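Please read the structure below before turning to the comments.
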Amino acid sequence: MEFNKMSWVLAFLGFMFLGGICKADGATHFYDFVLKETNFTRLCSTKSILTVNGSLPGPTITVQKGDTAFINVHNQGLYGLTIHWHGVKLPRNPWSDGPENITQCPIPVGTNFTYEINLSTEEGTLWWHAHSDWTRATVYGAVIILPAANTTYPFATPDAQETLILGSWFKGDVMEIIEDALATGGEPNISDAFTINGQPGDLYSCSNETTYRWLVDSGKTYLLRVINAVMNEEQFFAIANHNLRVVAQDAAYIKPITTPYIMITPGQTMDILVTANQPPSHYYIASTSFVDGNVTFNNSTTTAILQYNGNYSTPSTTPFPTLPDHDDDTAAENFTKQVRALASEDHPISVPLNISTSMYIAVSINERICANSSCAGPDGNALSASLNNISFQTPSISVLQAYYGGNTNGVYATNFPDIPPYFYNFTGDFANNTLYPSFGTRVRMINYGEGVEIVFQGTSVIAAENHPMHLHGFSFYLVGTGSGNFNSTTSPTTYNLVDPPEVNTIGVPKNGWAAIRFVADNPGVWFMHCHLERHSSWGMDTVLIVRNGNTSESTIRGPPAYMPPCSNS
């Protein structure tokens with residue numbers, strides 16, 4: 001909820017005098033987020049979870065394109081943490097991006113920190129979530145970016161809108177789950193349920209009375225905003241007897257796709273037109289996992305109910321949608337290959353054609369050798385993960401603060417490689433030199449204004465599966481995907497350089513590759529990682545640092561008056 005602006009004077013002046021305010025034509029909004037422990041009952045038991053303002057999901061931020069929002073986060077929880085504004089580019093302002101010890105240190109308990117969220121080209125649905133360990137399991141919410149004043153949607157204005165956030169529910173303490181897994185080297189416990197707007201739905205124990213219901217009027221068209229906040233699984237999603245007309249992904253418009261289901265990865269958002277054109281009744285909304293690898297996962301199904309308003313007899317049987325099998329990679333590909341940018345006069349795209357920085361990144365699950373084979377992972381070792389055979393180690397202080405202050409000694413190295421250290425049949429056999437990665441905090445420096453292409457190459461090391469890769473600070477163009485090993489001669493001939501989707505999170509196909517392009521026009525320190533939380537915890541991450549350009553408008557803004565201290569908070 002928004003609060004009285006007078007309570008914001010000190011925070012606002014701090015940003016204005018020391019950090020500066022980005023010039024914007026839009027309005028300014030003010031929010032207070034209070035992080036606190038709250039008791040919730042799910043699956044027949046009650047436990048305390050970390051929430052924002054006592055709700056699950058947390059509050060929705062609603063703005064217009066080009067607006068600015070100041071969010072004052074008060075940490076009344078049990079440990080330090082940060083908040084990330086997923087998909088918001090934050091031009092020249094990495095100070096508000098949020099990943100712990102990448103752009104800031106945790107907000108200590110009993111203190112507060114104000115984020116300045118500058119909306120630029122984004123329009124549609126994004127989201128926010130905690131970015132410290134596994135705290136995002138319960139700390140998340142929607143960011144709705146409406147068209148700017150005097151503009152409208154590239155489709156008929158819907159009659160109303162609804163937001164559905166897919167999430168994970170763990171009976172155990174999520175922080176203990178990942179801490180125990182990292183200590184033993186084994187896989188973390190899977191979630192006990194999926195949720196829609198915080199509720200598991202009718203197929204789980206003790207959940208029928210609280211199943212989320214979306215009330216609709218017959219004949220009306222709704223803009224449905226779907227967000228995947230699930231921790232470790234990609235998801236299929238459908239509504240019984242209702243077609244989905246997908247019109248945007250990751251806050252960028254696409255050519256409309258009419259489909260009975262979607263596949264949505266953790267981190268992705270989709271805007272969908274749904275017309276209430278069926279006989280008035282109740283219809284199940286359902287979501288289940290898409291996991292095509294030989295890994296443990298939650299194979300349950302969460303439900304909500306689309307319920308028509310009006311007088312009619314409650315059906316004895318509620319229609320259920322047909323969802324693909326959990327390992328149906330053909331169904332997943334058949335959906336994702338349809339996604340293309342709208343690329344219209346009012347919503348143009350600009351795919352970089354001149355590439356000066358090329359990176360080829362192998363994406364792998366690995367092992368870390370344990371003394372005396374004492375760990376719970378494969379071969380008595382610990383599970384890890386890597387990009388280009390480097391398993392990322394998060395430093396104890398903020399990479400951004402070290403970079404900006406020029407005191408980088410011992411914090412990170414700038415030698416993240418552009419290619420894998422070993423070339424092999426990435427999607428076939430592998431050797432021990434790829435099974436065991438090196439460990440460190442290695443970043444890639446990029447000059448301002450360069451055209452960048454990154455090819456993510458899936459591998460079969462340990463377990464081949466789909467990987468949702470997310471880059472902070474940018475939207476990028478997904479110009480190509482393919483199966484098998486990327487071929488630098490033939491694979492680029494299949495690129496779509498005309499209308500590729502402009503997104504911030506993409507799925508790298510199991511035993512396949514995905515190519516993205518963007519212009520490095522946002523100076524700062526930007527995290528890049530897999531959005532399957534266990535993979536990120538194991539080290540499937542790196543950092544891109546975009547150097548300043550030659551003008552004030554291509555230079556990182558100064559830090560705000562206050563940044564959380566880098567201590568053992």
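For the stretch 215-232, give me each residue that is open to solvent by less than 10 Å² (accessible area, probe 1.4 Å) and either on the phi > 0 side of the Ramachandran plot or under 27 Å from the mean Cα position of the chain (by Cα) (or both). Outline the logic, then answer.
Keep residues of the stretch 215-232 that are open to solvent by less than 10 Å² (accessible area, probe 1.4 Å), which gives 216, 223-231.
223, 224, 225, 226, 227, 228, 229, 230, 231 - these are the residues of the stretch 215-232 that are open to solvent by less than 10 Å² (accessible area, probe 1.4 Å) and either on the phi > 0 side of the Ramachandran plot or under 27 Å from the mean Cα position of the chain (by Cα) (or both).
Return a yes/no flag: does the stretch 37-56 have any residue that is within 24 Å of residue 526 (Cα to Cα), open to solvent by 10 Å² or more (accessible area, probe 1.4 Å) and touching a helix residue (DSSP H, G or I) at 6+ places or on another chain (Cβ under 9 Å). So that I can check it myself, show each step before the final result.
First pass over the stretch 37-56, keeping only residues within 24 Å of residue 526 (Cα to Cα): none.
Checking the stretch 37-56: not a single residue is within 24 Å of residue 526 (Cα to Cα), open to solvent by 10 Å² or more (accessible area, probe 1.4 Å) and touching a helix residue (DSSP H, G or I) at 6+ places or on another chain (Cβ under 9 Å).
May I ask you to list the residues in the stretch 297-320 that are part of a loop (DSSP other than H, G, I, E, B), in contact (Cβ under 8 Å) with a residue 60 or more places away in the chain and β-branched (Val, Ile, Thr)? Walk me through it before giving the result.
Here is the first cut: in the stretch 297-320, the ones part of a loop (DSSP other than H, G, I, E, B) are 297-300, 309-320.
So of that shortlist, the ones also in contact (Cβ under 8 Å) with a residue 60 or more places away in the chain come out as 297-298, 300, 309-310, 318-320.
Residue satisfying the conditions is 318 alone.
Out of all the residues in the stretch 264-294, which are assigned to a loop (DSSP other than H, G, I, E, B), more than 21 Å from the chain's Cα centre (by Cα) and either modelled with pLDDT of 95 or more or of a type outside the set (S, T, N, Q) (or both)? Walk me through how you get there before you give the answer.
Here is the first cut: in the stretch 264-294, the ones assigned to a loop (DSSP other than H, G, I, E, B) are 265-268, 276-281, 291-294.
Now narrow it down to the ones that are more than 21 Å from the chain's Cα centre (by Cα): 276-281, 294.
Of everything in the stretch 264-294, those that are assigned to a loop (DSSP other than H, G, I, E, B), more than 21 Å from the chain's Cα centre (by Cα) and either modelled with pLDDT of 95 or more or of a type outside the set (S, T, N, Q) (or both) turn out to be 276, 277, 278, 279, 280, 281.
Would you confirm whether any residue within the stretch 495-507 is part of a strand (DSSP E or B), touching a Gly at 6+ places or on another chain (Cβ under 6 Å) and at pLDDT 95 or above?
Residues of the stretch 495-507 that are part of a strand (DSSP E or B), as a first pass: 502-503, 505-507.
Those left that are additionally touching a Gly at 6+ places or on another chain (Cβ under 6 Å): 505.
So of that shortlist, the ones also at pLDDT 95 or above come out as 505.
Yes - at least one qualifying residue is present in the stretch 495-507.
I'd like to check something: does the stretch 401-423 contain any residue that is modelled with pLDDT of 95 or more, farther than 26 Å from residue 84 by Cα and surrounded by 20 or more Cβ atoms within 10 Å (Cβ to Cβ)?
Yes, the conditions are met somewhere in the stretch 401-423.
Specify the residue that is farthest from residue 368 (Cα to Cα); the eligible residues are those in the stretch 169-204 that are touching a helix residue (DSSP H, G or I) at 6+ places or on another chain (Cβ under 6 Å) and either of a type in the set (A, V, I, L, M) or not in a loop (DSSP other than H, G, I, E, B) (or both).
199
Condition check ((1) in contact (Cβ under 8 Å) with a residue 12 or more places away in the chain; (2) over 30 Å from residue 306 (Cβ atoms); (3) among the acidic types (Asp, Glu)) across all residues:
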{"position": "183", "(1), (2), (3)": "no, yes, no"}
{"position": "186", "(1), (2), (3)": "yes, yes, no"}
{"position": "198", "(1), (2), (3)": "yes, no, no"}
{"position": "204", "(1), (2), (3)": "yes, no, no"}
{"position": "208", "(1), (2), (3)": "no, no, no"}
{"position": "215", "(1), (2), (3)": "yes, no, no"}
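Kindly indicate which of 109, 73 is assigned to a loop (DSSP other than H, G, I, E, B) and either β-branched (Val, Ile, Thr) or touching a helix residue (DSSP H, G or I) at 6+ places or on another chain (Cβ under 7 Å) (or both). Step through it out loud before you land on a result.
Details: 73 fails: assigned to a loop (DSSP other than H, G, I, E, B).
Just a single option satisfies the conditions, and that option is 109.
Residues in the stretch 358-368: is at least one surrounded by fewer than 16 Cβ atoms within 10 Å (Cβ to Cβ), of a type outside the set (Ser, Thr, Tyr), at pLDDT 95 or above and out of contact with any Lys or Arg (no Cβ under 7 Å at 6 or more places or on another chain)?
Among the residues of the stretch 358-368, not one is surrounded by fewer than 16 Cβ atoms within 10 Å (Cβ to Cβ), of a type outside the set (Ser, Thr, Tyr), at pLDDT 95 or above and out of contact with any Lys or Arg (no Cβ under 7 Å at 6 or more places or on another chain), which makes the answer no.
Can you spot a residue in the stretch 128-135 that is touching a strand residue (DSSP E or B) at 6+ places or on another chain (Cβ under 8 Å), small (Gly, Ala, Ser) and either surrounded by 24 or more Cβ atoms within 10 Å (Cβ to Cβ) or in contact (Cβ under 8 Å) with a residue 24 or more places away in the chain (or both)?
yes
From 334, 388, 354, grab the single residue that is under 14 Å from residue 439 (Cβ atoms) and not aromatic (Phe, Trp, Tyr).
Working: 334 fails: under 14 Å from residue 439 (Cβ atoms); 354 fails: under 14 Å from residue 439 (Cβ atoms).
None of the other options fit; the residue is 388.
Please go through the stretch 77-105 and give me each residue that is in contact with a helix residue (DSSP H, G or I) (Cβ under 6 Å, 6 or more places away or on another chain) and closer than 15 Å to residue 403 by Cα, ordered by number.
Those that are in contact with a helix residue (DSSP H, G or I) (Cβ under 6 Å, 6 or more places away or on another chain) and closer than 15 Å to residue 403 by Cα: 94, 102, 103.
Quick one: is residue 394 within 27 Å of the chain's Cα centre (by Cα), closer than 23 Å to residue 523 by Cα and part of a loop (DSSP other than H, G, I, E, B)?
Numbers: within 27 Å of the chain's Cα centre (by Cα): yes; closer than 23 Å to residue 523 by Cα: yes; part of a loop (DSSP other than H, G, I, E, B): yes.
So residue 394 fits the description; yes.
Out of 106, 99, report the one residue that is surrounded by 23 or more Cβ atoms within 10 Å (Cβ to Cβ) and farther than 22 Å from residue 142 by Cβ.
Details: 99 fails: farther than 22 Å from residue 142 by Cβ.
Unique residue meeting the criteria: 106.
Quickly run through the stretch 202-214 and pick out the residues that are loosely packed, with under 14 Cβ neighbours inside 10 Å and either in contact with a Lys or Arg (Cβ under 9 Å, 6 or more places away or on another chain) or over 29 Å from residue 45 (Cβ atoms) (or both).
206
The values are calculated or read from the model by the stated rules, or taken from the named source; none is laboratory data. Because the structure is predicted, anything quoted here is derived from the model rather than measured. With ideal geometry, Cβ positions are generated from the backbone for all residues, glycine too; neighbour counts draw on all protein chains shown. Note: areas computed on protein heavy atoms with side chains; ligands, DNA, RNA excluded. Shrake-Rupley method; radii C 1.70, N 1.55, O 1.52, S 1.80 Å.
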